[in-house]
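Notes for the one structure printed next.
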Amino acid sequence: MSTELNKDSRRESLNPVPNSGRIFGLPSYIALWISSMVVIQIFMVGQSFLPPAGQLNITQAVVVMVIAALLIGLFFVLNSKPGMEYGIPFIVQARTAFGYNGARIASLIRVLPAVFWYGIGSWIGASAMDFITVTIWGWGNIWLYFILFQVLQTLIAYYGIQSIKWFDSALSVVILGFLIYIVAQLFRVGSDNMLSSFQTTGTWGMPFYAAITASVGVLITATINNGDLSRYLKNEPKNNWIGHIVGVVPMFVLMLAIGVLSAAATGIWDPVQALVSVIPNPIVAVALMIFIVMAQFTSNLTINIEPPAIVLMEVFNLKWSTSVIIVGILSIITFPWLLISSTAFNTFIAFYSAFLGPLLGILLADFYLVRKQKLNIDELYSDNVKYNILGLGSLVIGGIIGIIFLEISWMVALPVGGFLYWAGYQYLPAYKKQLSQADVHIGS
């Protein structure tokens, strides 16, 4: 059965993708990520660094962006390797650390934020569409646009990975051009306000570390399950490094920077209103809003629709098309309009990052430290080990630690979860024996 996702794909499509079946070369993969990284939520995180929502000055915000970019790039490269090298999706990769059924539990921790982000992105796009129609015709209905957003995105994703690939790749150049224009407008309109922001005291205390937590946390979801995409990338080491360092990191920095500049130039939290306020005339404003609509489509398709749809396919053996429809319905009932206030936004990121941090730490510890980058593919597709209690226990403990230190949740929880998992294989007799038997099996 084909491993390329299409509307009729079921669980069997999660088998390893052979290199001959990889649909992404380096150029198309980079283009996919350029368009996918126009995530308005990243923009909003950047806005939250400076007043009125935050307490940093621009210098501190720049340091946050550099640190976050280095971490995001590293996480993408490290955790995309199993998918690219072995052709396996995230939920299969997770079976070594959590067991066949345990991987489904772990995957829910990843996909729940995706469903919420899907709804939030659609609500932002609906707000932009509402602005367009009010400006042109004097009439708008944000609830109608929100539902239409869900229907259109579901329709594009319905036909599978090829439609996502071509939609995102085709829009990458247009999206990049608009981003450059937005930066120029922010400097033109708000340069005086930006200069004064450099001169404010700010803080290097907890708000600084909380800003790093939010910056990485907003995209840590995508680093965890990127095997779902990297399994379709031609298996060459340079593709992993170049694809993510060029496709993801610059756009991530640019989106954060636009948010920071927007906050400095306008002092407005709402992303739509902040961007409109620096646009010279209604025609350009409408074009900008259309850009925001398209940006939400591209990021949702790659980051927020595919992961939960794959999990539904694997757990319930549903068709891809059915899974996509269910994800669209679920995202409507997440009440996204309640989560985009400045107070709830970063708390939401910190909360789910408390569990995603140890999840990523365990995946990295398992692949690089425990398995030494060698996976037994046959074992991954059997249910001999239904639950790996060490992995699940490390995840729970790491998550609890993350909740205790909520403002810097994943920064604490990631190393805790990874260390506990690694230490269990080093010092617990049952797991030491299990690992030695696996080594013999792989070597035979």
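The values are calculated or read from the model by the stated rules, or taken from the named source; none is laboratory data. All figures in this text were calculated on a predicted structure; none of them were measured in a lab. Just so you know, the surface numbers come from the protein's heavy atoms only, side chains and all, with ligands and any DNA or RNA stripped out. Shrake-Rupley method; radii C 1.70, N 1.55, O 1.52, S 1.80 Å.
A compact table of results
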read-out: For region 66-119, projected area of the alpha-carbon convex hull averaged over all directions, nm²; value: 4.7
read-out: Rg(Cα)/(2.2 N^0.38 Å) for region 286-444, N = residue count; value: 1.30
read-out: Relative counts (whole %) of C-alpha pair distances in region 265-337, using bins that are 5 Å wide; value: 3, 13, 17, 17, 14, 11, 10, 7, 5, 2, 0
read-out: All-pairs Cα distance distribution in region 33-104, expressed in whole percent, bin size 5 Å; value: 3, 13, 14, 17, 14, 12, 11, 9, 6, 1
read-out: Rg in Å to one decimal, and Dmax rounded to a whole Å, for region 357-427 via C-alpha atoms; value: 12.8, 41
read-out: log₁₀ of I(q)/I(0) at q = 0.22, 0.27, 0.28, 0.30 Å⁻¹ - region 250-300, Debye sum with one point per alpha carbon; value: -0.91, -1.16, -1.18, -1.19
read-out: Distant alpha-carbon pairs in region 199-327 (separation over 19 angstrom), percent; value: 66
read-out: Cα-only radius of gyration and Dmax that characterise the chain, units Å; value: 21.5, 72
read-out: Alpha carbon convex hull of region 98-148, volume per residue in cubic angstrom; value: 59
read-out: Per residue, in Å², the accessible surface of the chain once ligands and nucleic acids are set aside, probe 1.4 Å; value: 38
read-out: Structure-based [θ]222 nm, the chain - -39500 (n - 2.57) summed over DSSP H runs of at least 4, per residue, nearest 500; value: -24000 deg cm²/dmol
read-out: Protein accessible area in region 234-330, 1.4 Å probe - carbon and sulfur %; value: 75
read-out: For region 203-259 versus region 387-402, the gap between their alpha-carbon centres in whole angstrom; value: 24
read-out: Relative contact order for the chain, counting Cα pairs under 8 Å that sit 6 or more residues apart, in percent; value: 31
read-out: Solvent exposure ordering (accessible area, 1.4 Å, most first) of ARG110, ARG188, ARG11; value: ARG188, ARG11, ARG110
read-out: Protein accessible area in region 30-74, 1.4 Å probe - carbon and sulfur %; value: 78
read-out: Rh by Kirkwood over Cα pairs, then Stokes-Einstein D for region 211-281 at 1.567 mPa s and 4 °C, µm²/s; value: 89
read-out: Three principal axis lengths of region 1-148 [C-alpha, angstrom, descending]; value: 52, 41, 34
read-out: Radius ratio Rg over Rh of region 294-369, counting only Cα atoms, Kirkwood formula for Rh; value: 1.04
read-out: On Cα atoms only, tilt of 409-427 relative to the major axis of the chain in degrees; value: 10
